[in-house]
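Have a look at the structure below, then the notes.
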Amino acid sequence: MTAMQEREEIAAKLLAFIRNSFLAGDPQGELTGDTPLLALGILNSLNTATLIAYTQEEFGVKVPLHDVSPENFKSVDSLSSMVHERRSTADA
Amino acid sequence: MDFDPSPEQRQRAASIRTAAGGLPRPERGTPAGRDLWEAAGKIGVTGLCLPADCGGGGLGALDTALALEAFRAGGADTGHSFGIAAHLLACGTVLAEHAHEPVRAELLRGLAAGTTIAANAMTEDEAGSDLSRLATTAVADGDSYVLNGVKSFVSNGPLADVVVTYAVTSPEAGYLGLSVFAVRTGSPGFRAGPALDKAGLAGCAAARVEFAGCRVPRSHLIGSEGQGSAIFQGSMAWERACLPAIYLGAMQEQLDQCLAHCRQRRQFGRRIGDFQAVAHRLATMRRRLESSRLLLYRACWLIDRDSPGAGEAVALAKVAVTEAAIANGVDAARLSGAQGYLAGAGVGSHLQDAVPLHIFSGTTDIQQEIIARGMGL
Ligand SMILES: Cc1cc2nc3c(=O)[nH]c(=O)nc-3n(C[C@H](O)[C@H](O)[C@H](O)COP(=O)(O)OP(=O)(O)OC[C@H]3O[C@@H](n4cnc5c(N)ncnc54)[C@H](O)[C@@H]3O)c2cc1C
């Protein structure tokens, strides 16, 4: 699998998780990779903790304090890039 | 699996318990003053989990919980124990792990000694459980930040020397746009209001706290900009896990008192403890205490191992201690009869001190939500 495919697979899983867990399934299909999760308030304290727990378990990466930043959690795209990067460094 | 405290843990708990018994208590209905804080500092309680190089005990979460339980069980006032726990767990852990030198060492030495009192300021009128509603702002200006806003419920607020304060630095980043500052209470623009008239925990005064153009040096930013939420969650894991240990100590004291009363009080020509209804009530009180104690020890043990399951374990433990302390408080009132209903008997204050367990450090509903989400719901 290429790096691009891997990132897309991570993003698809994250999108599905956020739709089902925080957006009641997102019936209008509004969530996309660049939807601003923080600015729209989709990530509040409970949802952020839930998303971190899911990310750690599903992708086998640790999300230490310095990674819990607005840059990484801005959107599904930025979060997928972070997860992909952490997995690549863990594999190397 | 080993459920027994080590000889070292036993010895530490025993000496704290004995020392706590010798401490004066605040007058009924009044907060502990500086003399009591310094006395607690002398026996090491105000620095339990703070780094040893700053005069602290360097203890992990489980050892800290055991020590706080012993402090309260030895006879320390619940409100004062609560204030010390908030100072240590919501403030000391934050400064120890994230503040920059030399501010870190300077403040921590005072915190450990009990000569510098710390308070934690997150909650606002419109931001309780939902921290993304925070309105207090911090704007960088030259070598400082300028803080504006009001915090609505700050334990230790009227007495504090330093307030660990959360403020919005990047509004567009929502919940992750918070930063945290160590604000010295002598700073211009800082004002702590009068002590709030609370229903319990009288030994710990709380206040509203106001920042009106309050200038804080950049060196007092804790961690970096935008890390406030993550730092807060780390401190809450410690506070949620270890602070309820003081209620284990309080429940133990209460159970011992109830047992003594039920052995001595006679009705219908018998000790009331001989009635099965009374004996079973005491058995239930003991079961609630011991089962919540085990959950709390396990949660602390998981924190010490940096386990991914710690968050849920902490939530389970906090809910269990909350329900146990309140139910035991009601049962103690029933067992004590009319004499126990008198204000000076202390039975009612156990209950009044226990009720806010449902609210502080994340409400019971929020803990239930964490547990439910942990099961994939
Ligand atoms: C004794 C005491 C000491 C305190 N000390 C401090 C301190 O030192 N520093 C500080 O910053 N704060 C402190 N607090 C404040 C405390 O952190 C807040 O009270 C707490 O976070 C709850 O916020 P709230 O009171 O605004 O209640 P709200 O958040 O308004 O909650 C009201 C009710 O709604 C429920 N609720 C809210 N959201 C949800 C949800 N998503 N799901 C289900 N139910 C929900 C709650 O469980 C609760 O029952 C203290 C409080 C007490 C009682």
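The values are calculated or read from the model by the stated rules, or taken from the named source; none is laboratory data. Because the structure is a prediction, the values reported are computed rather than measured. FYI the Cβ positions are ideal-geometry reconstructions off the backbone, even for glycines, and counts take in every protein chain you see. Surface accessibility is based on the protein's heavy atoms, side chains included, excluding ligands, DNA and RNA. Shrake-Rupley method; radii C 1.70, N 1.55, O 1.52, S 1.80 Å.
Which of the residues belonging to region B:153-173 are within 16 Å of the ligand (Cβ to nearest atom) and not in a strand (DSSP E or B)?
Our first condition is that a residue be within 16 Å of the ligand (Cβ to nearest atom); within region B:153-173, this holds for B:153-168.
Answer for region B:153-173, where residues must be within 16 Å of the ligand (Cβ to nearest atom) and not in a strand (DSSP E or B): B:156, B:157, B:158, B:159, B:160, B:161.
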Look through B:367, B:352, B:339 and report the one residue that is farther than 20 Å from residue B:89 by Cα and within 16 Å of the ligand (Cβ to nearest atom).
B:352
Being free of Cβ contacts under 8 Å to residues at least 24 places away in the same chain and open to solvent by 60 Å² or more (accessible area, probe 1.4 Å) is the filter here; which residues of region B:284-304 pass it?
B:287, B:290, B:298
Restrict the check to region B:302-320 and report whether at least one residue is within 16 Å of the ligand (Cβ to nearest atom), under 24 Å from residue B:29 (Cβ atoms) and not basic (Lys, Arg).
no
Keeping to region B:242-257, report how many residues are of a type in the set (A, V, I, L, M, F, W, C) and open to solvent by 10 Å² or more (accessible area, probe 1.4 Å).
1
Residues in region A:82-90: is at least one within 19 Å of residue B:230 (Cβ to Cβ), facing chain B (nearest Cβ under 9 Å) and either open to solvent by less than 50 Å² (accessible area, probe 1.4 Å) or at pLDDT 95 or above (or both)?
no
List the residue pairs whose Cβ atoms are under 7 Å apart, where the first residue sits in region A:56-69 and is more than 7 Å from chain B (Cβ to nearest Cβ) and farther than 14 Å from residue B:311 by Cβ, the second is in a helix (DSSP H, G or I) and among the hydrophobic types (A, V, I, L, M, F, W, C), and the two are 6 or more positions apart or on different chains.
A:59/A:10; A:59/A:83; A:61/A:83; A:61/A:90; A:67/A:82
List pairs: first residue in region B:338-367 and more than 17 Å from residue B:311 (Cα to Cα), second residue open to solvent by 60 Å² or more (accessible area, probe 1.4 Å) anywhere in the structure, Cβ distance under 6 angstrom, at least six positions apart or on different chains.
B:352/B:199
So which residues in region B:197-227 are out of contact with any Gly (no Cβ under 8 Å at 6 or more places or on another chain) and either in a loop (DSSP other than H, G, I, E, B) or within 14 Å of the ligand (Cβ to nearest atom) (or both)?
B:197, B:198, B:199, B:223, B:224, B:225, B:227
Is it the case, given these coordinates, that residue B:187 is part of a loop (DSSP other than H, G, I, E, B) and more than 16 Å from the ligand (Cβ to nearest atom)?
yes
Can you find a residue in region B:314-332 that is within 13 Å of chain A (Cβ to nearest Cβ), of a type outside the set (Phe, Trp, Tyr) and open to solvent by less than 20 Å² (accessible area, probe 1.4 Å)?
yes
Tell me which residues, restricted to region B:122-152, are free of Cβ contacts under 8 Å to residues at least 40 places away in the same chain, part of a strand (DSSP E or B) and near the ligand (Cβ under 9 Å from one of its atoms).
B:124, B:127
Selection over region B:27-56 where residues are under 20 Å from residue B:243 (Cα atoms) and touching a Gly at 6+ places or on another chain (Cβ under 7 Å) yields a count of 14
Subset of region B:188-218 that is of a type in the set (Gly, Ala, Ser) and surrounded by fewer than 19 Cβ atoms within 10 Å (Cβ to Cβ) - its residue that is nearest to the chain's Cα centre (by Cα)
B:200
